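Have a look at the structure below before the remarks.
The values are calculated or read from the model by the stated rules, or taken from the named source; none is laboratory data. Values in this document were obtained by computation on a predicted structure and should not be read as measured data. Here Cβ is always computed from backbone atoms with ideal geometry, including for glycine, and neighbour counts include all displayed protein chains. Note: areas computed on protein heavy atoms with side chains; ligands, DNA, RNA excluded. Shrake-Rupley method; radii C 1.70, N 1.55, O 1.52, S 1.80 Å.
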Amino acid sequence: MSDKSNNVKWVEEQIRVWQWQKDMLQPVAEIGHFPTGLPEFYKAQLSFLAEEAGHELAGAILAGDRTDMADALADSLFTALGLLNVIGCPCANVKAPSFEHISEMSTIQIILEKLDTAVLPQDVLNYVSDLVSCLESLSAVENIPLKECFDEVCRSNDTKFWTTEQVNESKDLPEYDGWSMTRTTYNGWVVKDPNGKVKKPKTFSPPDFSKIVSVNH
């Protein structure tokens, strides 16, 4: 894999993901406080990354759907930065590789396999930084503005929080039974069902990449 410099990238974006994870009650570490081992939540976060950067992204590329590609690329970046937040590592600044699609996806699959067997936080930092570089390269090939797509994912994710009024109204819903409701210090309320799945309020707004993709086609 690539040698890492002392520089970091996606700093503001990683902090934005960290704040969202914190408000969503996910166990994240203070950035810069590297643990000696990988925390328990690491595997759960890695499974999210494998779904987005593996299955979803590969499917979008095979289908040639640029809107789905934008979605998968942005979700993969968001989740990759979230994985680093679990271990408190800032994303390393590496030179983006320049591969064809099939080589790029093969590289991503190899990285995901290595992340699945990683035991040291430094290894996770190295592999995830390489993964982010692959996402950048794919975005450049398709002329998809990764930063704009990332911002759209963040905008949508912020609408997953409930207002106090919505929380009070939800208690009258037929399916309300055993839901947990936690007030956060930033966005509002986090509502989960008995299985721990985040429930979206009626004001949830899904990400829309159609305009971003069409402008940059």
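Screening residue 143 with (1) crowded, with 16+ Cβ neighbours inside 10 Å; (2) more than 30 Å from residue 192 (Cα to Cα); (3) out of contact with any strand residue (DSSP E or B) (no Cβ under 7 Å at 6 or more places or on another chain) gives one miss only, at (1).
For segment 191-212, filtering for residues that are in a loop (DSSP other than H, G, I, E, B), within 9 Å of residue 180 (Cα to Cα) and under 20 Å from the mean Cα position of the chain (by Cα) leaves 1.
The requirement of being farther than 24 Å from residue 44 by Cβ and modelled with pLDDT of 90 or more is satisfied by residue 208.
Given the residues 206, 194, 121, which is the only one that is without any contact (Cβ under 8 Å) to a residue 60 or more places away in the chain and in contact with a Phe, Trp or Tyr (Cβ under 9 Å, 6 or more places away or on another chain)? Result of the check over 206, 194, 121: 194. Remark: pairs (first residue in segment 47-66, over 18 Å from residue 143 (Cα atoms); second residue open to solvent by 30 Å² or more (accessible area, probe 1.4 Å) and at pLDDT 95 or above; Cβ separation under 7 Å; 6+ apart in sequence or on different chains) = 52/75; 56/75. Count of segment 150-204 residues, restricted to those that are open to solvent by 70 Å² or more (accessible area, probe 1.4 Å) and either touching a Leu at 6+ places or on another chain (Cβ under 9 Å) or of a type in the set (Phe, Trp, Tyr) (or both), is 2. Within segment 25-50, the set of residues being modelled with pLDDT of 85 or more and among the hydroxyl-bearing types (Ser, Thr, Tyr) comprises 42, 47. Residues in segment 7-18 that are within 14 Å of the chain's Cα centre (by Cα) and open to solvent by less than 60 Å² (accessible area, probe 1.4 Å): 10, 13, 14, 17, 18.
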